[in-house]
Structures are given as structure tokens and as C-alpha cells.
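Below is one structure, written out as C-alpha cells, with a few remarks after it.
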Amino acid sequence: MFRRHHRPPSGYSVAMVRERTLTAAVILLAIPGGNLVGQTAPVDTTSLSEAPYGRMRMLWEKTIFQVDVLTLDVRFGRPTAQRFAELVRGRESSSALVDTIANVAAHATDVWARIRFERNVSLNQFVDGVRDNAAAARDAGLITDPEFAEIYDGLPQWYAFLSETGIKDGDEMFYRIRGDTLRTIYRTVQGETRLDRTDFGRFRRLSVMGGYFAPKSDFRKGLIASLFGR
């Protein structure tokens with residue numbers, strides 16, 4: 001994947017934003033699919049749709065070398081799943097339709113997401129990827145510059161536990177959105193929970209979902225494409 005340089009929050013120079021070595025983009029939220037044998041997803045899913053149009057899934061690769069980076073699953077509540085079915089069933093993909101689906105998804109308030117890492121990633125690579133996709137949400141007008149700055153500054157502290165070990169192949173992140181409440185869980189490939197954090201605020205939700213569905217997101221195209229052909 002080619003690197004893009006996003007504008008840092010005010011008070012930071014462009015020189016302070018390092019060249020991205022891997023856009024392991026996450027942004028505080030993800031969901032189910034492919035759990036470890038014998039383990040269940042550690043976040044409640046009872047309000048989510050079981051219908052085909054309630055789920056999106058993609059494998060994200062580093063394009064130049066075709067290296068698998070992560071698998072991303074996203075599930076939605078029943079009203080959003082029904083809306084996707086109405087939009088997609090019997091239709092071909094188009095840029096206008098993708099924009100409509102992305103807008104619905106970005107503003108969803110009942111979401112469960114899971115990221116499974118398919119390779120080792122350092123803390124710096126991870127933070128850089130999260131910042132890139134938070135910037136996509138900001139550039140789309142979903143979050144403000146001060147809100148972006150809060151995320152930009154907070155990430156190294158929130159994920160400081162990864163400073164020595166980094167992310168390992170098979171580690172997972174689970175995220176759960178209910179209204180404007182965001183819960184984040186990090187679980188190692190060995191099954192140890194290293195983070196269980198709850199944040200509150202509309203911008204937390206929009207930063208995550210914008211990171212997935214804003215026009216500059218690494219994930220928008222692949223996630224939405226997975227809805228078609230069902």
C-alpha cells in the first residue's frame with residue numbers, strides 16, 4: 001500500500017508525521033468472525049442482525065507485496081442491516097450507491113467489529129495506521145480538528161502496553177458501539193485480555209466508523225464490496 005501523508009493536528013509540524021511503514025489501520029473499533037478455537041467474542045452481540053446484509057468482511061493486504069495484514073469483520077444492528085438489504089438487493093454497485101451505503105454505515109449506532117491481525121505489527125506502525133484513518137474521518141467532516149488531536153495524542157498512551165511486544169500474528173481487537181458508547185478490547189493470540197476500555201462521546205463513534213467508511217479510508221472499498229452478490 002502506498003503511504004499517504006495526513007495533516008497532523010494544529011501544533012504539529014508535517015515533519016513530525018513519519019513516513020508510514022505499514023498502514024495497519026484500526027481506529028478504536030472492530031468485530032466478529034474467525035474467533036480462536038474454544039474462545040468466544042468478548043463483546044455482547046444480541047442486538048445485532050443475523051441476516052446476510054448485516055455483515056461486512058474483508059482481508060486487507062499490503063498491495064505492493066500482497067502481504068496479508070488483517071481481516072476486518074463488521075456487524076450491524078437490525079435496522080441498518082435492513083437498510084443495506086433495501087439498497088443492495090438486486091442492484092449492481094455504482095459510485096453513487098457506494099456513497100449512500102458508506103454514509104449509512106458511518107452513522108450506524110449499533111455496531112460490533114473485530115480485527116484479526118495476520119502478521120506482526122509494531123506499536124508505531126499500529127499508531128500510524130490508526131492516525132491515518134482518523135484523519136480520513138476528519139477530512140470527511142465526521143470529526144473536528146480538536147477531536148482528531150485528542151485521538152492523535154492519546155493513542156500512544158492508550159496502547160502503551162504494546163510498546164515491548166508489539167502486535168502478534170493472531171492477536172485480535174474487538175469493538176462495540178452502542179449509541180455514543182464505545183468499548184474496546186484487545187486480546188492476544190494466547191487469549192489474554194490486555195485492554196478493556198470504554199469511551200463516551202459521539203466523536204468516538206464517528207472516528208471509528210469514519211475510519212472504516214470515509215472516502216480516504218483503507219477499508220471502505222473492500223467492506224462495501226462484500227455486501228454485493230449475496
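So which of R205, R183 ends up being out of contact with any helix residue (DSSP H, G or I) (no Cβ under 9 Å at 6 or more places or on another chain), crowded, with 17+ Cβ neighbours inside 10 Å, part of a helix (DSSP H, G or I) and among the charged types (D, E, K, R)? If you could, list the steps in order and put the result at the bottom.
Working: R183 fails: part of a helix (DSSP H, G or I).
Just a single option satisfies the conditions, and that option is R205.
Only residues that are at pLDDT 95 or above, assigned to a loop (DSSP other than H, G, I, E, B) and among the charged types (D, E, K, R): list them for the range 135-179, please.
K168, D169, D171
Do you know which residues across the range 102-124 are out of contact with any Gly (no Cβ under 8 Å at 6 or more places or on another chain), surrounded by fewer than 19 Cβ atoms within 10 Å (Cβ to Cβ) and part of a helix (DSSP H, G or I)?
N103, V104, N124
Please find, among L70, L28, L59, the residue that is in contact with a Phe, Trp or Tyr (Cβ under 7 Å, 6 or more places away or on another chain), at pLDDT 80 or above and outside any helix (DSSP H, G or I).
Result of the check over L70, L28, L59: L70.
Quick check, is F228 of a type in the set (F, W, Y), surrounded by 20 or more Cβ atoms within 10 Å (Cβ to Cβ) and under 21 Å from V98 (Cβ atoms)?
On the way: of a type in the set (F, W, Y): yes; surrounded by 20 or more Cβ atoms within 10 Å (Cβ to Cβ): no; under 21 Å from V98 (Cβ atoms): yes.
In short, no.
Could you tell me whether D169 is acidic (D, E) and farther than 22 Å from T109 by Cα? Spell out the reasoning first.
On the way: acidic (D, E): yes; farther than 22 Å from T109 by Cα: yes.
So D169 fits the description; yes.
In the range 72-101, which residue that is of a type in the set (S, T, Y) and farther than 20 Å from R176 by Cα is surrounded by the fewest Cβ atoms within 10 Å (Cβ to Cβ)? Outline the logic, then answer.
Keep residues of the range 72-101 that are of a type in the set (S, T, Y), which gives 80, 93-95, 100.
Checking which are farther than 20 Å from R176 by Cα leaves us with 93-95, 100.
Details: S93: 15, S94: 9, S95: 7, T100: 16.
Residue satisfying both the conditions and the ranking: S95.
Identify the residue in the range 143-162 that is among the charged types (D, E, K, R) and closer than 13 Å to R204 by Cβ and, among all such residues, is surrounded by the most Cβ atoms within 10 Å (Cβ to Cβ).
First, pick out the residues of the range 143-162 that are among the charged types (D, E, K, R): 145, 147, 150, 153.
The next check asks that each one be closer than 13 Å to R204 by Cβ; those that pass are 147, 150.
Working: E147: 20, E150: 18.
Only one residue tops the list, namely E147.
Six or more apart or on different chains, Cβ under 7 Å: which pairs go from a residue in the range 189-210 that's farther than 19 Å from G129 by Cα to one that's part of a strand (DSSP E or B) and charged (D, E, K, R)? Could you list them?
Matching pairs, first to second residue: T193/R187; T198/R183.
The values are calculated or read from the model by the stated rules, or taken from the named source; none is laboratory data. Note that the structure is a prediction, hence the values are computed from the model and not measured. Using ideal geometry, Cβ is built from the backbone for each residue, glycine included, and neighbour counts are taken over all protein chains shown.
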